[in-house]
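Peer 1: After the structure tokens below, expect a handful of questions from me.
The values are calculated or read from the model by the stated rules, or taken from the named source; none is laboratory data. Note that the structure is predicted; figures quoted are calculated from it, not measured. Here the Cβ positions follow ideal geometry from the backbone for every residue, glycine too, while neighbour counts run over all protein chains shown. We work out accessible area using only protein heavy atoms, side chains counted, and drop any ligands, DNA or RNA first. Shrake-Rupley method; radii C 1.70, N 1.55, O 1.52, S 1.80 Å.
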Amino acid sequence: MKKIFRFNIKGLIFSGICTLLILVLSLVSGGWNPFSSLDNKISDSMYQHKDETVLEINIVGIDDKTIEKYDAYNPIEYRKYFADILNNWADNGIVPSAIGFDVIFNKTFGCDAVDLKLSDAMKRHNVVLGVNGASRTNAPYGLSEAIYNGASAIGYVDALTDNDEAVRRTYLRGPNYDSLAYAVYSMYAKNNNIQMNEYNKGEAYYFRYYGAPELNYTGDGKVNSVTSSFNYISMADLIEGNVPSIRHAENSIVIFGSYAAATDSGLSNDMYNSPIGEMFGMEIQCNIIQSLMFDEIYTPVSVPVYTIVNSIVIFVIVFLMACLAFYLGMLAFGVGIGFEFLLMVIMYANKTYHFIALPLFVLILAFILLVIEHYYSEYKHKKEVIGTFKRYISPDVAEALVEKQSDTMSLGGRKRNVACLFVDIRGFTKMSEELDPEDVVDILNGYLEMATNQVFKYGGMVDKFIGDCVMAIFNAPVDLDDYIYKAVCAAFGIVKVGRHICDQVFEKYNKKLEFGVGVHFGDAVIGNIGSKTRMDYTAIGDTVNTASRIEASAAGDQVLISKDVYEVLKDRIKVVDAGDRMFKNKKEPIKCYEVVEIEGYIEE
């Protein structure tokens, strides 16, 4: 049985290399993350989805209807409209907790009288003005000074996009002033006695999305209509004197901004991508505000924590993958993947964005390399086993054996019914004394090559060479059909084909060469016998001993078989009774037969 866990230096080194890889890539990803797109897709699929929007957030959109009817993009005209709307609300007792303008009141396009009117209207409310850029240092920050003086606060409206042009993060606080969403929510929290969390200046935070507009497109790809998921009011309705319902008016938040869809380009310039679909900049501001309300603002995991945690996880998991049994290593790989996702969920619950694409990449890379290494090792082991068995059996049988059995090289044996063949050269000892050693080796190699080929031809296994004796087994190590018949055919072939070798030896060395062959079948123990450092795949038992005794009693060019073999093949062979023969360590004589003809045998 294979060990479940096996410590090895290669596994330790490989784990160290993978850990070093995660260290380097983690430090690099602190500035440039090559896996950011995949990280974004994973986090989007897990955490970003449409949800219910809060009642307190309202949108006033400068939509297509407003543009068509009131030329609301005329800088002076729309400032008049804003002043009228704010005064109308105040006159009717509608004073929201915070009003944010995702509109830039640039000083270049203003009119002093109109700007003063708008400034006075703003002073009746809690207004946050939008500005471009977070690093302006001098008031009024590019705005009309009169309008700036009427506002309670300012906030920058710039969107922070990722490499896929989607907005997932925001700088809540800048060096000189905060973002529009943060400033609006701060005012809302102050007016409603809500304790706010502290956020660092200059740090980008992830936020949740809840609502996105439904965009209806025309046949030419332009947007035909838009339906907001937040409480929506068209600015045109307010200009006409209508006062649509503002949900939770006294405790509400109102965001003014562009909601125009039918532009020449098909979409407004204030349209952005988000994880849940396209939306206007003012709706992104609303989603950030709701994230602040629900305390769903997330800090990116710090590089040191990210590096240390991932290094430990990668080292442990890869080490287990390398040292455990293969299928348990695959299980460890699955555990590692699952742990990374679990870690992502746990850290998300603790308001931290944890990115898993990089550790997943390293784990998958390690897994692929270990799988390749495993199958290469298996292939190499298989080739070694095949190479070993090719010395005993034919190549196709060797490959079939390795495919069928994965444990052929371990110590131990099992009982099988086999046919055992022995053959040796008659008078070999005397011939060895009379010829030069080189000539003896030449004769022996030719004879052994011929005998081996005959054994392989009939699917047998050459167990061993013992001097000039060859021992062969049929029906091991793999099953062989009609193995007794094939063993006798191989024995018969050795004598028949061997005559050509005998003629060559006589012609070259003037020596007579003859072979004696014996065949018997029965149960034997087959397997690797020996020690862990030296073993032989062989057969042992009475069947082997009996076959050896029969061969020893055979005359030159004679194939002797036992009665057991004869009883199985008597309808397919012709024999001559060779009489009862008494063998060493046998209590009873064994009946033997000489094979003179075999049905179906064809000499090649």
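Peer 1: Would you rank 435, 569 by solvent-accessible area, highest first, keeping every protein chain in place and using a 1.4 Å probe?
Peer 2: Putting 435, 569 in descending order of accessible area: 435, 569.
Peer 1: Also, quick follow-up: When DSSP beta bridges are limited to those with both residues in the chain, what percentage is antiparallel, rounded to the nearest 5? Before the final figure, lay out the partial values.
Peer 2: Values: 59 of 91 bridges.
Just about 65 percent of them are antiparallel.
Peer 1: Can you work out the accessible area per residue across the range 110-206, with the rest of the protein chains kept in place, probe 1.4 Å, in square angstrom?
Peer 2: Result: 45 Å² of accessible area for each residue.
Peer 1: Would you mind giving the average projected area, over all directions, of the Cα convex hull of the range 558-604 in nm² with one decimal? Display every interim value, and only then the final one.
Peer 2: Details: hull surface 15.7 nm².
Mean orientational projected area (the range 558-604, Cα hull): 3.9 nm².
Peer 1: Would you please give the residues with an amide H less than 5 Å from that of residue 539, counting only those at least 5 places away or on a separate chain, with H modeled from the backbone geometry?
Peer 2: For residue 539, no residues qualify.
Peer 1: Another question about this same structure. I'd like the FRET efficiency for residue 330 and residue 533, computed as 1/(1 + (r/R0)^6) with the beta carbon distance as r and R0 of 51 Å, rounded to 0.05.
Peer 2: Efficiency, rounded to the nearest 0.05: 0.95.
Peer 1: Enumerate the whole-percent occupancy of each 5 Å bin, from 0 to the last occupied one, for all C-alpha pair distances of the range 506-551.
Peer 2: Histogramming the range 506-551 at 5 Å steps yields 5, 18, 16, 14, 12, 11, 9, 9, 5, 0 percent.
Peer 1: May I pose another question? 7 Å from Cα along Cα→Cβ at both residue 176 and residue 164: what's the point-to-point distance in nm?
Peer 2: 3.5 nm
Peer 1: Now a separate question. Using the structure shown, list the pairs from 415/563; 380/496; 80/351; 10/383 with a Cα-Cα distance above 32 Å, or answer none.
Peer 2: 380/496; 80/351
Peer 1: Another one. Counting DSSP beta bridges with both partners in the range 76-203, what percentage is antiparallel, nearest 5?
Peer 2: 35 percent
Peer 1: Charges only on Cβ, +1 for Lys and Arg, -1 for Asp and Glu: so what's the dipole of the chain about the Cα centre, in debye to the nearest 20?
Peer 2: Result for the chain is approximately 2060 debye, rounded to the nearest 20.
Peer 1: Once the Cα gyration tensor of the chain is found, what semi-axes does its equivalent ellipsoid get, as square roots of 5 times the eigenvalues, in whole Å, sorted largest first?
Peer 2: Listed largest to smallest, the semi-axes of the chain are 98, 23, 19 Å.
Peer 1: Determine which aspartates and glutamates satisfy two conditions relative to residue 69: a Cα distance under 19 Å, and not lying fewer than 8 residues away in the same chain.
Peer 2: Of all the aspartates and glutamates, those that pass the test against residue 69 - Cα under 19 Å, at least 8 places apart if same chain - are 77, 84, 237, 240, 264.
Peer 1: Of all the accessible heavy-atom surface of the chain, with the other protein chains kept in place and a 1.4 Å probe, what percent is carbon and sulfur?
Peer 2: Percent of accessible area from carbon and sulfur atoms in the chain: 54.
Peer 1: If we sort 509-519, 12-22 on the protection proxy, mean other Cβ atoms within 10 Å, highest first, what's the order? Don't skip to the end; give the middle numbers.
Peer 2: Values: 509-519: 20.9, 12-22: 17.7.
Sorting 509-519, 12-22 by mean packing, highest first, produces 509-519, 12-22.
Peer 1: While we're here: Plugging the Kirkwood radius over Cα pairs into Stokes-Einstein for the range 407-598, at a temperature of 4 °C and a viscosity of 1.567 mPa s, what D comes out in µm²/s? Provide the component values of the computation, followed by the final result.
Peer 2: On the way: Rh = 17.0 Å.
Using the Kirkwood radius from Cα pairs, D works out to 76 µm²/s.
Peer 1: Over the range 407-598, give the accessible area per residue in Å² for a 1.4 Å probe, as an integer.
Peer 2: 47 Å²
Peer 1: Moving to a separate point now. How much length would be gained if the chain were fully extended between residue 417 and residue 88, taking 0.36 nm per residue of separation minus their Cα-Cα distance, in nm to one decimal?
Peer 2: Fully extending the segment from residue 417 to residue 88 adds 107.8 nm.
Peer 1: Restricting to DSSP H runs of at least four residues, report the calculated mean residue ellipticity at 222 nm for the chain, -39500 (n - 2.57) per run over all residues, nearest 500 deg cm²/dmol.
Peer 2: Using -39500 (n - 2.57) per qualifying helix, the result is -14500 deg cm²/dmol.
Peer 1: Taking R0 as 22 Å, what's the FRET efficiency between residue 251 and residue 51 from their Cβ-Cβ distance, rounded to 0.05? Could you put the intermediate results ahead of the total?
Peer 2: Values: r = 21 Å, r/R0 = 0.94.
In this case the efficiency is close to 0.60.
Peer 1: For the chain, find the longest principal axis of its Cα atoms and tell me its angle to the long axis of helix 281-293, 0 to 90°, nearest 10.
Peer 2: 80 degrees
Peer 1: So, one more: Provide, as a two-decimal number, the C-alpha radius of gyration of the range 250-351 over 2.2 N^0.38 Å, N being how many residues it has. Show your work: numbers first, answer last.
Peer 2: Numbers: Rg = 22.2 Å, N = 102, 2.2 N^0.38 = 12.8 Å.
Compactness ratio reported: 1.74.
Peer 1: Can you tell me the orientation of helix 326-349 relative to the chain, as the angle in degrees between its alpha-carbon axis and the longest Cα principal axis, to the nearest 10?
Peer 2: Taking Cα atoms only, the helix is inclined about 10 degrees.
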